[in-house]
Structure formats: C-alpha cells, structure tokens
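Take a look at the structure set out below.
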C-alpha cells in the first residue's frame, strides 16, 4: 500500500545500457522497481536507454502545437469533428466546460496497425485505427521522430515489465503476450497559459484533476515548468518537479490488479501555473506521457490467478469518464470546427 513520502525516489537504469548485463544487477533493478511500486507508486528514472533528449521531446511537442488551429482540428477525434473518421487517435482541443482539464493533446499509437482482425471496428471507438498526421510538408521528419520515440518507449516498457515479472516470482517473459498488437499511446499535451490568476484565496486551481492512471505503466517526460503533484498516504500533495535527465514512471490501476495488490496506483494531479514557471516561449506547460497498453484482445489477470479482464473491454469502460471521449452538444462541435 502507499506509504508516507516527501519526495519521489530515483531509480538508475544505467545497467540497461551496458553491453553485458549481469543477471544480479538486473534482479536488483527489478527488486528496486518492485519496492517503488509497492510504496510510492512513482519514481524518477535516470540514465534510461533512449536515443532522444528532453529537448528533442519538447521541440516536437512545440512544433505540433504551433501549427494552426484549423490544421489541428483537421486531425481531431470524431468526438469533436463529426466529419472526421478517426475515433481514438489524433487531436483533442481544450474543453472550456471541464474545469480542471485545461489541456489540448495529440495521441499517437503504434506506427503499424495490428495484423490481426480488428475486434472493435464495429464499435464507437476503433482502438487499433491508424495514426493521423498533419499534412504540412515539414512535419514528415517530425512524424519519423515521433514514431521512433514511440518505438523506444515501448521497448523500455517491455524491459521494465520483464524485470517486474521476475520480481513478482514469474519468468522474465511472463508479460510477453501483453506486447502482441499493443495499443500503447504516446500523448503530446499542452497546457496553455491562463489569463486568470492561478489562485483564488487559499484554493488550489488545477489544470489536470486528481486521478490514477487506468492501465499498466506510464512513462512521463515533463518540462521545467513543474506542477505535477503526487498524493502521499498521509494526505499531503508532494511536488514532483522536473529532475534534469529524468523521466517519471508510475503504474496504473490495472497493474495494481495484475500484481495481486502488491503494487499501488497513486493519485496525482497538475497544479495551474502560478507565474514564474512559464516556459520562455510563453506557451505554457508541455507534458509527454507514454501509456503502455496491451493488445485489445489481451486477457489481463493477476499473477495469483483468476479470470482476468479483456483489455479492450477494460479500457472502453474507463473511456466513459475521460473528457476527451465524451459526446459534445452540437453547439460545442460547431465551436471547435476550423474556419472555412
């Protein structure tokens, strides 16, 4: 269960970049990750085996959110633009009617659509649909870079799951089936600067409300503006500011169930910018989470046994509470359409 903590632990992944990795060092790393997910549920990862830098990540985010509103809305999910065909991947705009969720986002799945028959294409949301991309000519290279980031973060997630499998007393390949036709999502998020004050008296204003992640594993790149806070067991919100060269890792509700309750998905939120933390370019806050998701048909069950749950059914239930998938009144649809 979650413990009381005043800061997030740091986990060094440098052993994963070594040409020869000793079995003992891998077991030690897996046990350290076990301890993290059994206590705080969150940690900073340093020296991750990734070829791209933080600067690379946020330059791509800045480039995307810097395109015109009309271009972004041409990529919007069908929830926001009825004439668009993409339902699960693509862009979602800020929604003024949802206090505490002041963000816009762009979601990218695996670069290749799964080869097996799509089990959900007859449903409202097609989870395995292809990605959509800006048609701007100079975005071709950026698309390649974003697909590379997705690939490397998927590979890192697979490695972490293998380490956790051993720490949970299972074979290293125990979670391999989760990787088949994986629906993992790379999400670019932008929290635009707000014109109103960030505080009203003692009230804390948020741009992302308290929540736990719903899935297996989250890897987060956050920028230097800060705002992420994690809930300790003593009821205190603990700041999780940017640590140079790090990514933040946490687990979701489903991984808590997979672990047989040994791990905990910890509540977290994002505070409004209070001035002084604003990005030099004046664009507000950027955040780039990677959500590891199994395949739609994957049966996810506890390491202790049991019936389990089909991942596609699980995520569709969760989507009912996600604001970017809620049906909007026709008037709000119209407000989001690009000018023609």
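The values are calculated or read from the model by the stated rules, or taken from the named source; none is laboratory data. Small disclaimer: the values here were computed from a predicted structure and weren't measured. Quick reminder, even Gly has a Cβ in these numbers, built from the backbone with ideal geometry, and neighbours come from all protein chains shown.
For (1) surrounded by 15 or more Cβ atoms within 10 Å (Cβ to Cβ); (2) within 24 Å of residue 247 (Cα to Cα); (3) over 23 Å from the mean Cα position of the chain (by Cα), each residue gets a yes or a no:
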{"position": "140", "(1), (2), (3)": "no, no, yes"}
{"position": "146", "(1), (2), (3)": "yes, yes, no"}
{"position": "149", "(1), (2), (3)": "yes, yes, no"}
{"position": "162", "(1), (2), (3)": "yes, yes, no"}
{"position": "173", "(1), (2), (3)": "no, no, yes"}
{"position": "177", "(1), (2), (3)": "no, no, no"}
{"position": "188", "(1), (2), (3)": "yes, yes, no"}
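Working only within the range 186-198, note down all residues that are at pLDDT 95 or above and either closer than 22 Å to residue 310 by Cα or in a loop (DSSP other than H, G, I, E, B) (or both). Across the range 186-198, the qualifying residue is only 186.
Inside the range 67-107, can you point out the residues that are under 17 Å from residue 270 (Cβ atoms) and either in a strand (DSSP E or B) or modelled with pLDDT of 90 or more (or both)? Residues satisfying the conditions are 92, 104, 105.
Applying the criterion of being touching a strand residue (DSSP E or B) at 6+ places or on another chain (Cβ under 7 Å) and part of a loop (DSSP other than H, G, I, E, B) to the residues of the range 1-39, the residue that is surrounded by the fewest Cβ atoms within 10 Å (Cβ to Cβ) is 6. Going by what's in this entry, would residue 47 be described as surrounded by fewer than 19 Cβ atoms within 10 Å (Cβ to Cβ), at positive phi and touching a strand residue (DSSP E or B) at 6+ places or on another chain (Cβ under 9 Å)? Yes; evaluated as a whole, the condition is true for this residue.
Residue 83 falls short on exactly one of the conditions (1) farther than 30 Å from residue 173 by Cβ; (2) touching a residue at least 12 places away in the same chain (Cβ under 8 Å), and that condition is (2).
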